[in-house]
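To start, the structure itself, in structure tokens.
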Amino acid sequence: MIRRRPTLIAGLTLTAVAALTLSACGSDDDNPGKREGEIAGSDAGDKPSASPSPSSSSTAAVGRPKVELPPDLKLTFEDAETGDPVKDAVLADNAERMRAVDAAISGTDPEGKALGFYNTGKALEAAVSWVGQFEKANATVTGQVRFFDRDVTLKGTTSAVMTFCADESKGFSKDKETGEVARTPVTKNSYVQYNTRLDKNADGVWQTSQILSTRGAAECQP
């Protein structure tokens, strides 16, 4: 049986690893089935072989794609409302971005439509590379991930910087073929800090354009 790569992923051209602005702390193991707690769109991978370039047409869709996740995967997002409608829009699109990565990994968005809708530039390259690593390992994601300490700083009318933490202590990778869950003990590396940039496109979507993740960050420890 031949597994097909998602249309978006398959259609992107490979570029050099040096083009990525993403880094992550933690394991040197690039196998998503073994990497401790590293799921839910962390886009990490200490030594990915290559990163795809973004497709200009992938973000041009009119209307927001519906992002669905499998029943065994739950993402929760705290601090969803600030009272500022612009910041709240950034928070909402960030949440959909994180959900879109897991939808591509889990197969509920096999063509990666939402992945391209909520990402652009280097963040899209990193997201597609991360999804590709799971596909190569024939792995998916399961469990629960909580996103907290979500903070937005607006930089003008069309740009924002957002930081947040992820609690992946109850999130794991799962073998697609056997269904075996790679449960790992909770350590400091179960917590990840993200620093991201989002840019508002012509359709009013706050797309993540840059993302940096730090596994084991002190700021996110319980």
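Worth a mention:
- Among (1) within 15 Å of the chain's Cα centre (by Cα); (2) under 17 Å from LEU73 (Cα atoms), the one test that GLY143 misses: (1)
- The set of residues in segment 111-161 being in contact (Cβ under 8 Å) with a residue 12 or more places away in the chain, open to solvent by 60 Å² or more (accessible area, probe 1.4 Å), out of contact with any helix residue (DSSP H, G or I) (no Cβ under 6 Å at 6 or more places or on another chain) and outside any strand (DSSP E or B) consists of LYS113, LYS122, THR157, THR158.
- Test result for GLY107, open to solvent by 50 Å² or more (accessible area, probe 1.4 Å) and out of contact with any helix residue (DSSP H, G or I) (no Cβ under 9 Å at 6 or more places or on another chain): no
- Residues in segment 73-101 that are out of contact with any Pro (no Cβ under 9 Å at 6 or more places or on another chain), in a helix (DSSP H, G or I) and more than 19 Å from LEU154 (Cβ to Cβ): MET98, ARG99, VAL101.
- Residue check, PHE77 among the aromatic types (Phe, Trp, Tyr), open to solvent by 40 Å² or more (accessible area, probe 1.4 Å) and at negative phi: yes
- Counted residues, segment 172-215 - those being open to solvent by less than 20 Å² (accessible area, probe 1.4 Å) and assigned to a loop (DSSP other than H, G, I, E, B): 1
- Pairs where the first residue, in segment 199-222, is farther than 20 Å from ALA95 by Cβ and the second is open to solvent by less than 10 Å² (accessible area, probe 1.4 Å) and of a type in the set (Val, Ile, Thr), C-beta under 6 Å, 6+ apart: ARG215/VAL192
- Index of the failed condition, ALA100 passing every other in (1) buried (at least 22 other Cβ atoms within 10 Å of the Cβ); (2) closer than 23 Å to GLY216 by Cα: (2)
The values are calculated or read from the model by the stated rules, or taken from the named source; none is laboratory data. Since this is a predicted model, take the numbers as computed values, not measurements. We place every Cβ from the backbone using ideal geometry, glycine too, and count neighbours over all the protein chains shown. Accessible surface areas use protein heavy atoms only, side chains included; no ligands, DNA or RNA. Shrake-Rupley method; radii C 1.70, N 1.55, O 1.52, S 1.80 Å.
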